[in-house]
Every structure is written in structure tokens, then in C-alpha cells.
Amino acid sequence: MKLKLGLVMIIVGSSYILPLPRFALQQKDKCISCHVNPTGGMMRNENGFFFGRNVVSMSSPRDKNFTISPKITDNVSIGFDYRSQLIYSQEKNRADFQEMTGSLYLNASITSNIDVIARYDFPNSIWEAYGIAKILPNEGYVKVGSFVPYFGIRIDDHTSYTKGGDYGLLFSIGAVQGLIYNPLYTETGIELGVNISDWGLFTASAGKSRFNRTLSSDPTFTSRIEINSSIDKLGFFAGGSFASAKVRSLGNILNTILYGTFAGIGTQNFSLMAEYDIAKDFLAKGIVSSAMMIEASYLLTLGLEAVVRYDRFNRNIDIENDELTHLVFGLEFFPFTFVELRPQYRINLEEPEKGNNAFVLQFHFWY
């Protein structure tokens with residue numbers, strides 16, 4: 001079975017900066033170990049900065065006399081992510097350069113357990129700003145402001161249908177091809193996070209969507225639970241997500257329910273992650289859609305990782321042969337500190353077959 005996907009899918013790829021959960025699996029750790037945000041993404045803490053500087057790249061400056069730091073003062077830190085890419089589309093028979101994202105971060109520690117975080121993405125005019133107060137028992141937290149709600153696995157490529165799919169950032173598309181969590185999606189509201197001993201995290205949020213495909217006058221509710229642990233050299237996580245939102249589709253307002261499950265396992269050199277989501281009344285009343293993502297990665301050598309991902313979006317589970325599917329084969333190459341090159345070959349599966357595959361070379365610089 002093969003489907004048609006446009007050049008839009010390629011342009012959107014990785015345009016929003018998120019953590020790499022497979023790093024947490026490979027290191028048998030949690031996202032909060034490298035990020036100020038308890039649910040991962042955006043601003044890196046000192047451990048995350050050290051990991052990016054000294055661990056992940058093929059060649060890192062380990063000269064003790066050369067010191068760099070994201071700190072402006074003892075309590076204020078900065079950071080940034082910049083991504084661009086070269087795209088060759090078989091369908092368009094041409095190559096294009098695309099600016100994807102350029103985000104600046106600021107983190108201010110008000111007290112030892114209260115942080116204020118801000119992000120602004122200049123190319124896409126997207127911003128987040130929120131405060132995190134770790135005032136609940138067992139380092140639980142309260143988050144207030146504008147942020148991305150926590151649903152499923154936060155992979156950093158939004159062409160996955162469990163996220164936005166090939167959502168048309170630059171070109172309009174006639175049909176929805178992914179869930180609502182595209183690169184533009186944020187909410188203004190409150191989130192609570194409760195740590196379950198040292199092996200689990202439960203989050204729940206309520207907020208007003210700032211994305212024009214959802215009805216901003218009604219709140220969206222999102223919850224997620226994750227269990228994570230390790231056995232000897234094997235790390236793993238598993239859990240489920242739920243969301244309730246008002247969604248606009250073809251001029252109608254739908255009471256959409258989304259829920260799903262996810263899991264991952266990993267060793268020092270290998271990781272495997274999967275997510276499966278159901279969306280009721282998402283495209284139209286009475287229609288149930290599904291989205292799937294499976295990603296495997298293998299560390300070839302320090303600074304070079306092979307990644308394969310399979311994505312599928314079934315618009316209506318009661319209708320056969322209406323699925324959108326693609327395969328992504330790529331490498332993630334970290335030649336120097338804070339530098340990443342990501343070549344990918346994307347195969348679009350469709351019926352009838354068409355010559356619309358693409359090659360992408362992404363450039364990523366961060367601090």
C-alpha cells in the first residue's frame with residue numbers, strides 16, 4: 001500500500017526542538033536529568049549542557065583550560081537551537097534550502113525550586129513562557145504559563161503522524177495528516193506533575209489552545225502516566241496518554257478524544273520506541289482515526305547513530321486503504337560539539353506508486 005505525501009512533510013521535519021527520548025533510554029536516565037522542564041525539551045540544564053559538550057559528539061573540546069558555560073550569572077542561563085535543511089524532492093525534481101527554526105532560551109532560577117523559562121522561535125513566531133515550582137511532595141511540580149502539553153513520546157520530528165504529520169506550515173493542504181501536536185501547538189494553562197516514587201511520573205494539564213485548529217474558548221485537558229526503570233544494562237519506559245479537546249474540522253466543532261499507549265527499551269548502543277494513538281471524532285463526527293510511530297536507532301560509533309522510523313496515519317479505521325504511511329532512513333552525525341548533521345532518505349508509500357520520495361540534509365547547531 002502506498003500513499004501520496006507532498007513536499008510539505010519534508011519542510012516541517014524537526015522544526016520544533018524537543019529532547020531525544022532514546023538518549024534517556026540509552027543512558028538509563030530521565031529527560032529531566034538534562035532539561036530544566038520536567039517533561040523535557042527546550043532549555044538544557046547543566047547536565048544537558050555537559051552531555052552536549054563532552055559526551056554526544058565525535059570530537060569534543062576536553063581541554064581543561066577551555067571552559068564555556070550557558071550561565072550569564074549564577075541564576076540566569078541562556079541557550080539556543082538553530083536548524084536549517086537542504087531538501088531534494090523527487091516529485092519536484094529540485095533542491096531547496098529551508099530555514100526551520102531559530103529558538104533562543106532563557107532560564108532564571110528564582111529560588112532553589114522555582115524556575116522561569118522562556119523560548120522564542122524567530123522564523124515561526126512561536127513562543128513559550130512558564131514558571132515551574134517544585135513544591136509538591138517527592139519533587140512534584142506546578143507549571144503555569146504557555147507550554148506544550150505532555151502527550152505520548154516527544155520525538156523531535158513532527159512529520160511523525162503521532163505529532164503534526166506533514167502539517168502545512170508553508171503550504172496549505174486539503175486534508176489533516178496527523179494529530180494536533182504540530183510545531184505550532186501550544187497551550188496557556190496549568191500543569192501538575194507527580195513523581196511516583198522514583199520510577200514513574202504522572203502529569204495532568206488544563207489549558208486554552210493557542211493553535212487555530214482547536215477551539216480556543218474551551219479548555220483542553222491532557223494527562224499522561226509513564227513508568228520508567230532499568231534492569232542491569234537495559235532501560236525501559238511505558239505508559240499512556242489522554243486528551244480532550246474541541247477541534248475545528250471542515251467548519252464543524254468536534255468534541256475530540258485522544259488516547260494512546262507508548263513504550264521503549266534501550267541499551268547503551270540501541271533503542272526501540274513505539275507509540276499508538278486513537279483519535280475519536282477528530283476528522284468528523286463518528287469517525288475514529290489512529291496514528292502509529294515505531295523508531296529504532298543504533299549507535300554505530302561515538303557521534304554517529306543510524307535511525308529508522310515507520311509512521312502511519314489511518315484516517316478512518318473502518319475504511320480500508322486510506323492510510324498515510326512513510327519510512328525514514330537516516331543518520332545522526334555529531335562531528336563536533338554543538339553541531340549535528342542529519343541526512344535522511346524518506347520513502348512515501350502510496351497506491352498507485354509515484355516518484356515522490358525525498359532526500360533531506362538537516363543542519364543543527366545548539367548551545
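Restricting the first member to the stretch 146-167 and to residues that are free of Cβ contacts under 8 Å to residues at least 40 places away in the same chain, and the second to residues that are outside any loop (DSSP other than H, G, I, E, B) and buried (at least 24 other Cβ atoms within 10 Å of the Cβ), no beta-carbon pair is closer than 7 Å while six or more apart or on different chains.
Residue count for the stretch 255-301, restricted to those that are within 19 Å of Phe313 (Cα to Cα) and either touching a residue at least 60 places away in the same chain (Cβ under 8 Å) or assigned to a strand (DSSP E or B) (or both): 27. When the criteria are applied in full, Val288 meets the requirement of being surrounded by fewer than 20 Cβ atoms within 10 Å (Cβ to Cβ), within 27 Å of Glu320 (Cβ to Cβ) and out of contact with any Cys (no Cβ under 6 Å at 6 or more places or on another chain). Scanning the stretch 99-135 for residues that are at pLDDT 90 or above, part of a strand (DSSP E or B) and polar (S, T, N, Q) yields Ser103, Asn107, Ser109, Thr111.
From the list Ser290, Ser271, which residue is of a type in the set (S, T, N, Q) and modelled with pLDDT of 95 or more?
Working: Ser271 fails: modelled with pLDDT of 95 or more.
Selected residue: Ser290, the only one of Ser290, Ser271 that is of a type in the set (S, T, N, Q) and modelled with pLDDT of 95 or more.
Among residues of the stretch 88-117 that are within 10 Å of Ala358 (Cα to Cα), those with a Cβ under 6 angstrom from a residue that is surrounded by 16 or more Cβ atoms within 10 Å (Cβ to Cβ) and modelled with pLDDT under 85, sequence gap 6+ or separate chain, pair up as Ser89/Leu7; Gln90/Asn356; Glu91/Asn356; Lys92/Leu7. Taking the stretch 119-140 as the range and being surrounded by fewer than 18 Cβ atoms within 10 Å (Cβ to Cβ) and under 25 Å from Arg210 (Cβ atoms) as the test, the residues that pass are Tyr120, Phe122, Pro123, Asn124, Ser125, Trp127, Ala129, Gly131, Ala133. Considering the conditions (1) under 24 Å from Glu91 (Cβ atoms); (2) in a strand (DSSP E or B), Glu340 is excluded by exactly one of them, (1).
Counting only residues that are of a type outside the set (Asp, Glu) and within 30 Å of Asn45 (Cα to Cα), which one in the stretch 87-103 is surrounded by the fewest Cβ atoms within 10 Å (Cβ to Cβ)?
Filtering the stretch 87-103 for residues of a type outside the set (Asp, Glu) gives 87-90, 92-95, 97-98, 100-103.
In the following step, the residues that additionally are within 30 Å of Asn45 (Cα to Cα) were identified as 98, 100-103.
Numbers: Gln98: 20, Met100: 24, Thr101: 19, Gly102: 17, Ser103: 23.
Out of the qualifying residues, it is Gly102.
Summed over the stretch 224-249, the residues that are of a type in the set (S, T, N, Q), under 20 Å from the mean Cα position of the chain (by Cα) and under 18 Å from Phe282 (Cβ atoms) give a count of 2. Condition check: in a strand (DSSP E or B), without any contact (Cβ under 8 Å) to a residue 40 or more places away in the chain and either under 16 Å from His158 (Cα atoms) or of a type outside the set (Phe, Trp, Tyr) (or both). Does Ile347 satisfy that? It is true that Ile347 is in a strand (DSSP E or B), without any contact (Cβ under 8 Å) to a residue 40 or more places away in the chain and either under 16 Å from His158 (Cα atoms) or of a type outside the set (Phe, Trp, Tyr) (or both).
The values are calculated or read from the model by the stated rules, or taken from the named source; none is laboratory data. Just so it is clear, the structure is predicted and the values come from calculations on it, not from any experiment. When we count neighbours, we look across all protein chains shown, and the Cβ atoms used for this are built from the backbone with ideal geometry, even at glycine.
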